[in-house]
Amino acid sequence: MRRMMIVLIAIVVCTLQTFGQEKTTLKTDGWAPLSGRVTLEGDVPAAVPLAPAIMALNNPVDRACCNAAPAKQKIKPNWVVDPKTKGVANVAVWILPPAGTVFPVHPLDKKRRDTVTIDQPFCAFVPHMVAHYPSYHDGKELVSTGQKFLVKNSSIVTHNVRATTQVKFNDPFNINMISKTDREFTFKPQPLPITLECDLHRFMNAYVFVFDHPYFAITQEDGTFTIPRVPYGAAVSVMAWHEEPGYVLTPNGMKMVFKEGKNEFNFSIKAK
Ligand SMILES: [Cu+2]
């Protein structure tokens, strides 16, 4: 009898938990493109050369490898600003649905056959920021898109990859990556990016955003971004994040209703 009660309670708890996770699909009128540009307000921060940190490395092979990198990879990558247009690269832009809802996903966005890759050709993670879309939320559960995520070490030296995650969603890890190897990782979507760092070359870092919907972009070197399809006709929150200030708009984003046809959203970012 007591055993039956425990089983019954377990079933009720499980059912309640499942109900708690269920979300309704946001009612929208269709999909439309969103594009824009993120520009810097104020002076362009001075480039910080990595040469002193590279010269301070103990291992001469590491020093030579890091030094052989293209000029762009020997500058601290926290601010990548186009001096002409003041466009800011590496700003993540995405949208969030109202609480308790999930976005409808266009059939073209339900499958991804590509692999998002970060390489370490010398002594930098390239690209510095990526967005990964391994699954979408259909209201009940996460459904796999098939997209994979890979970290490569194509350099001649050993790197290590230390991942700092939001532990509610992903386990942190720290692995060694010897020269000419690669490794696939499986991540669950989380609200803020996973940080990758190398403890052997402390100036190396990268950011991996992991989304549970396809409505995101990372700004290019000229500060522009394009999301080919966003749902229109319903209020959503536009979010933006950059590694220096963190949230660019507000921590809750900016409420917007996209319209049919082209949508444009330009905004600025302040260097601290
Ligand atoms: Cu390294």
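Observations on the model:
- Qualifying trypsin sites (Lys or Arg not before Pro) in segment 125-191, DSSP loop, other Cβ atoms within 10 Å at most 15: 140, 168, 180
- With both labels modelled 7 Å from their Cα along Cα-to-Cβ, the residue 115 to residue 270 distance reads 4.4 nm.
- Computed E for residue 27/residue 78 - FRET, C-beta separation, R0 45 angstrom, nearest 0.05: 0.65
- The charge dipole of the chain, taken about the Cα centre with unit charges on the Cβ atoms of Lys, Arg (+1) and Asp, Glu (-1), comes to about 380 debye, rounded to the nearest 20.
- Calculated FRET efficiency, residue 247 to residue 59, Cβ-Cβ distance, R0 = 30 Å: about 0.20 to the nearest 0.05.
- Label-point separation, residue 176 to residue 195 (7 Å along Cα→Cβ), nm: 2.5 nm
- Most positive-pole-ward Cα, 80, 256, 234, against dipole of the chain from beta carbon charges: 234
- Relative contact order computed over segment 130-272 (Cα-Cα under 8 Å; 6+ residues apart), in percent: 20 percent
- Each Lys and Arg Cβ is given +1 and each Asp and Glu Cβ -1; about its Cα centre, segment 22-172 then shows a dipole of about 200 debye.
- What separates the Cα centres of segment 34-50 and segment 121-141 is a distance of 22 Å.
- Contact order normalised by residue count of segment 219-272, Cα under 8 Å, 6+ apart, percent: 33 percent
- Net charge dipole, segment 217-266: roughly 360 debye, given to the nearest 20, about the Cα centre with Cβ charges of +1 for Lys and Arg and -1 for Asp and Glu.
- Considering only alpha-carbon pairs that sit under 8 angstrom and 6 or more positions apart, the relative contact order computed for the chain is 29 percent.
- The label-point distance for residue 142 and residue 260, in a model that sets each label 7 Å from Cα toward Cβ, rounds to 3.6 nm.
- 12 Å Cα cut-off, lysine pairs counted over segment 75-203 (separation 8 or more, or different chains): 4
- Since only 224, 130, 175 are under comparison, the one whose Cα sits farthest along the positive direction of the charge dipole of segment 83-230, derived from C-beta charges on Lys, Arg, Asp and Glu, is 224.
- Protein accessible area in segment 20-136, 1.4 Å probe - carbon and sulfur %: 58 percent
The values are calculated or read from the model by the stated rules, or taken from the named source; none is laboratory data. Computed from a predicted model, the values in this text were never measured in an experiment. Positions of Cβ are backbone-derived with ideal geometry, glycine not excepted, and every protein chain shown enters the neighbour counts. The area values use the complete protein model at the heavy-atom level, side chains included, leaving out ligands, DNA and RNA. Shrake-Rupley method; radii C 1.70, N 1.55, O 1.52, S 1.80 Å.
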